[in-house]
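A.B. asks: Submitted below is the structure of interest, expressed as structure tokens.
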Amino acid sequence: MGFLSKLFGKKEEEKAAATPNLSVATKAKENSIPPEKVGLDGSFDESGLAKRVAKALDDAGISDNVGLWVAQQGSTVILKYNEDAKNVLNQAKQVANRVEGATAVQTVPNA
């Protein structure tokens, strides 16, 4: 199980597998929705950016055996983490920054 399944459920992983090469900009324009709201299948999804980041973390091979969660606030990705995730945090930030639709990445320690 990766970040996508762990955080958002198995159905989201199935959506991602069904539409592997999605152009966020194209789908956003076609559907008149902001890029950060484009879901894994190209349709509107309130958490679309966070789900695409979770998938990108899985694709990058970052272990989901650490306390790391992905959320979004608009087009900003929020990585909330436990102490055990500090060793993958920089890599996770780099991955999140490359996801189409992300304009910023914030890291927040889990209190």
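A.B. asks: Identify all residues within segment 60-85 that are modelled with pLDDT under 95, within 20 Å of ALA104 (Cα to Cα) and either in a helix (DSSP H, G or I) or not hydrophobic (A, V, I, L, M, F, W, C) (or both); write none if there are none.
C.D. replies: ALA85, the sole residue that qualifies.
A.B. asks: Something else now. Could you tell me which residue of segment 10-25 is modelled with the lowest pLDDT, considering only residues that are out of contact with any Lys or Arg (no Cβ under 6 Å at 6 or more places or on another chain), farther than 17 Å from ARG98 by Cα and surrounded by 12 or more Cβ atoms within 10 Å (Cβ to Cβ)?
C.D. replies: For segment 10-25, the residue satisfying everything is THR19.
A.B. asks: Right, here's the next one. How many residues are over 12 Å from the mean Cα position of the chain (by Cα) and assigned to a loop (DSSP other than H, G, I, E, B) if we restrict to segment 93-107?
C.D. replies: Total satisfying the criteria: 1.
A.B. asks: Which one is farthest from LYS37 (Cα to Cα), of the residues in segment 1-27 that are among the polar types (S, T, N, Q) and in a helix (DSSP H, G or I)?
C.D. replies: Within segment 1-27, the match that is farthest from LYS37 (Cα to Cα) is SER5.
A.B. asks: Quick check on GLU36: is it acidic (Asp, Glu), over 11 Å from the mean Cα position of the chain (by Cα) and not in a strand (DSSP E or B)?
C.D. replies: no
A.B. asks: So, one more: Under 19 Å from THR103 (Cβ atoms) and of a type in the set (Asp, Glu): does that describe GLU46?
C.D. replies: yes
A.B. asks: Moving on to the next point. From LEU57, LEU7, grab the single residue that is farther than 16 Å from ARG98 by Cα and touching a Phe, Trp or Tyr at 6+ places or on another chain (Cβ under 8 Å).
C.D. replies: From the options LEU57, LEU7, the qualifying one is LEU7.
A.B. asks: Does ALA54 qualify as being closer than 18 Å to SER75 by Cα, of a type in the set (Gly, Ala, Ser), surrounded by fewer than 22 Cβ atoms within 10 Å (Cβ to Cβ) and touching a residue at least 40 places away in the same chain (Cβ under 8 Å)?
C.D. replies: Answer is no for this residue.
A.B. asks: What single numbered condition from (1) assigned to a helix (DSSP H, G or I); (2) more than 16 Å from PHE8 (Cα to Cα); (3) touching a strand residue (DSSP E or B) at 6+ places or on another chain (Cβ under 9 Å) fails to hold for LEU49?
C.D. replies: Going through (1) assigned to a helix (DSSP H, G or I); (2) more than 16 Å from PHE8 (Cα to Cα); (3) touching a strand residue (DSSP E or B) at 6+ places or on another chain (Cβ under 9 Å) one by one, LEU49 breaks only (2).
A.B. asks: Just name the residue that is surrounded by the most Cβ atoms within 10 Å (Cβ to Cβ) out of those in segment 26-51 that are in contact with a Ser or Thr (Cβ under 7 Å, 6 or more places away or on another chain) and of a type in the set (A, V, I, L, M, F, W, C).
C.D. replies: In this case the residue turns out to be LEU49.
The values are calculated or read from the model by the stated rules, or taken from the named source; none is laboratory data. Keep in mind the model is a prediction, meaning the values are calculated, not measured. Don't worry about glycine lacking a Cβ; one is built from the backbone with ideal geometry, like all the others, and counts go over all protein chains shown.
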